[in-house]
1. If you add up the charges near ASP15, with Lys and Arg at +1 and Asp and Glu at -1, over every other residue whose beta carbon is less than 15 angstrom from its beta carbon, what do you get?
2. Return the long-range amide H neighbours of THR26 (sequence gap of 5 or more, or a different chain), with a cut-off of under 5 Å between placed amide H atoms.
3. Give me ASP9, ASP111 ranked fewest to most by other Cβ atoms within 10 Å of their Cβ, as a rough exposure proxy.
4. MET121 versus THR3, label points 7 Å from Cα toward the beta carbon: distance in nm?
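What follows is calculated from the coordinates using simple rules that are stated; it is not laboratory data. Not measured: the values here are computed from a predicted model. All Cβ positions, glycine included, derive from the backbone under ideal geometry; neighbour counts span all protein chains shown.
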Amino acid sequence: MPTILLISDDDRFRDSIRQSIGRCGTAVLGVPNTREILRQPGARQVFGYDLIVAEVLSGDHDGLSRLVLFRNLHPNTPFIAVTRENEEAGLAYGGSAARTLHAWLVPVTSDCLAGLTDTAMRALNGELPPVPATHAR
């Protein structure tokens, strides 16, 4: 059974995501912040997750620093950065961070998590995030 690490500082949002993704036969560990992960034994910090899902914007880390932290701890683990509705700054900022660190970026709304569930299953099945087209000069 795949294990997903889910990081969101909003309890209701975290529970909604956990239920949505958990329906697909995965174990979902939901934590409110990055500090909770760093308190775990070193082996669990580095190994043990098949996918990491985290909000781009949160109280304890911004999107880029969280992505960098988890890329250092979990260099080969698929990562989905989540932005919520009305987070234009998070979408723009998270988009550049996600592309740089080879992560998925998924905007979600409180009433529709289907895109996140679909992306999680694609990531767990070994699909890689889309690579942006190079800019032509």
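1. Surrounding charge for ASP15 is 0.
2. Distant-sequence amide H within range of THR26: zero hits.
3. Fewest-to-most Cβ neighbours within 10 Å comes out as ASP111, ASP9.
4. About 2.4 nm, to one decimal.
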